[in-house]
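Trainee: Structure below; questions to follow.
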Amino acid sequence: MTFLELKKDLAERFSEAGFEAADLEAHYIVCEAASIPDREFPLYAHEQLASGAQARAESFAARRLKNEPWQYIFGHAPFRDLELAVGPGCLIPRPETEYSIDLMLDGLPHGASVCELGVGSGAISLALASERPDLAVVGTELSPDALKWAELNLKKLALPNVAFLHGDLFSPVAGRKFDLIAANLPYIPEHDRGSLPSNVRDYEPDEALFGGADGLDVIARALEHSPGHLNPGGRVFFELDPCNADRAFELASAHLHNPALLHDQFGTVRFLTARH
């Protein structure tokens, strides 16, 4: 079977299963299974696919047809200029979070200290540290399953200006203060569970998704304790669910100064920032 024949076969199966981007998903699966860059597919389209690559593609497809996220299937996900290892136990990095890095870096002084709460795969910390080697970045993570992915990515990237610590929010950094506190903490209200796509709801960890009845349980605790961990003029930068952004703004107003809600690249209210 050629590359193109397998791609068409998988695309038909995905289309029958109701996948919106059936052809594109088939394209990526064939390229991943054959270990070729997706942009080079035309060069191989009429070549015979090795039996091992075909078996891998069939295995990937079977998992995808069960709605498992392709990032878990492939074991990696892109994030800005990085390729991060991901899998069960950690949140898959989203495009909105990629965009947040630009907003965090805007105006961040040379040599600034950064603390990320709930690092997951390590995406935010590692992107900040790789793009700004002058920064000193520390990240905390309560979930051992998520922390292993962050540590794996840190080991692979070998960034000397990052450290990851196990523990809840600020517990591992007691007594320390920072110029920026960044977080993509669980923010989805529990009542929205049923509306999530199955590839999210059934595979990604609950503790990284759901933040209680209004989605703000963890964020509220983080905002309450942030002033004690910020240097003068330091700021927080949290990702939010648009539905609870106004309430998060009120919470920030009770503990910090100059709160503001910012939009993501799609024009949706997605981020909260405030200063000490």
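Trainee: Give me the percent relative contact order of the range 37-191, please, defined on Cα pairs under 8 angstrom at least 6 residues apart.
Mentor: Working: 221 pairs, mean separation 31.0, N = 155.
Dividing the mean separation by the residue count of the range 37-191 yields 20 percent.
Trainee: Here is a follow-up. Could you calculate the contour length gain from Gln265 to Arg176, that is, 0.36 nm times the residue separation minus the distance between their Cα atoms, to one decimal place in nm? Display every interim value, and only then the final one.
Mentor: On the way: separation 89, 0.36 × 89 = 32.04 nm, distance 3.26 nm.
Length difference between fully extended and current span is 28.8 nm.
Trainee: For labels at Ser253 and Lys155 in the simple 7 Å Cα→Cβ model, what's the distance in nm?
Mentor: Taking the two extended label points, one gets 4.8 nm.
Trainee: Calculate the dipole size of the chain relative to its Cα centre from +1 charges on Lys and Arg beta carbons and -1 charges on Asp and Glu beta carbons; express the result in debye to the nearest 20. Don't jump to the answer; show the numbers that get you there.
Mentor: Numbers: 23 positive and 41 negative charges, 131 e Å.
For this selection, approximately 620 debye.
Trainee: In addition: In Å, what Rg and Dmax follow from the Cα atoms of the range 19-128?
Mentor: 17.4, 54
Trainee: In whole Hz, with x marking every Gly and Pro, tabulate ³J(HN,Hα) for the range 15-32 from phi via Karplus 6.51 cos²θ - 1.76 cosθ + 1.60, θ = phi - 60°.
Mentor: 5, 4, 7, x, 5, 6, 10, 4, 5, 5, 5, 4, 4, 5, 5, 5, 5, 5
Trainee: Could you pull out the pairs from Lys66/Lys148; Lys7/Lys156; Lys7/Lys148; Lys8/Lys148 whose alpha carbons sit more than 30 Å apart here? Don't skip to the answer; put the middle values down first.
Mentor: Values: Lys66/Lys148 25 Å; Lys7/Lys156 32 Å; Lys7/Lys148 34 Å; Lys8/Lys148 37 Å.
Correct reply: Lys7/Lys156; Lys7/Lys148; Lys8/Lys148.
Trainee: Please grab the % of Cα pairs in the range 133-276 that end up more than 22 Å from each other. Intermediate values should be presented prior to the final figure.
Mentor: Numbers: 4563 of 10296 pairs.
Cα-Cα pairs in the range 133-276 separated by more than 22 Å: 44 percent.
Trainee: Quick one: 3J(HN,Hα) in Hz for the range 82-89, Karplus 6.51/-1.76/1.60 with θ = phi - 60°, rounded, Gly and Pro as x.
Mentor: Here the 3J(HN,Hα) series is 9, 10, 9, 6, 9, x, x, x Hz.
Trainee: Taking +1 at the Cβ of each Lys and Arg and -1 at the Cβ of each Asp and Glu, which of Gln48, Thr273, Pro242 sits farthest along the dipole of the chain towards its positive end, judged by Cα position relative to the Cα centre?
Mentor: Looking along the dipole axis, the top candidate is Thr273.
Trainee: Starting at the first residue of the range 255-263, write each ³J(HN,Hα) from the Karplus equation 6.51 cos²θ - 1.76 cosθ + 1.60 with θ = phi - 60°, in whole Hz, x for Gly and Pro.
Mentor: 10, 9, 10, 6, x, 8, 9, 10, 9
Trainee: What is the projected area of the convex hull of the Cα atoms of the range 3-66, averaged over all directions, in nm²?
Mentor: Working: hull surface 15.0 nm².
Over every viewing direction, the Cα hull of the range 3-66 projects on average to 3.7 nm².
Trainee: Give the relative contact order (percent, whole number) for the range 3-66; include only Cα pairs under 8 Å separated by 6+ residues. Walk me through the numbers before you get to the answer.
Mentor: Details: 59 pairs, mean separation 22.5, N = 64.
It rounds to 35 percent for the range 3-66.
Trainee: Running Debye on the range 201-276 with equal point scatterers at the Cα sites and no solvent, what base-10 log of I(q)/I(0) appears at q = 0.21 Å⁻¹?
Mentor: Result of the Debye calculation: -0.93.
Trainee: Under the definition of Cα pairs under 8 Å and six or more residues apart, what whole-number percent is the relative contact order of the chain?
Mentor: RCO, the chain: 13 percent.
Trainee: Using helices alone, I'd like the mean residue ellipticity at 222 nm for the chain: each DSSP H run of four-plus residues gives -39500 (n - 2.57), total over residue count, nearest 500. Could you put the intermediate results ahead of the total?
Mentor: Values: 12 runs with 112 residues, N = 276.
For the chain, the value works out to -11500 deg cm²/dmol.
Trainee: In terms of modelled amide H atoms, which long-range or inter-chain residues lie less than 5 Å from the amide H of Thr2?
Mentor: Here the answer is Leu49, since their amide H atoms fall under 5 Å of that of Thr2.
Only the coordinates and a few stated rules stand behind these numbers; no lab work does. All of these numbers come straight from a predicted model, not from anything done at the bench. Positions of Cβ are generated from backbone atoms using ideal geometry, with glycine treated the same way; all protein chains shown enter the neighbour counts.
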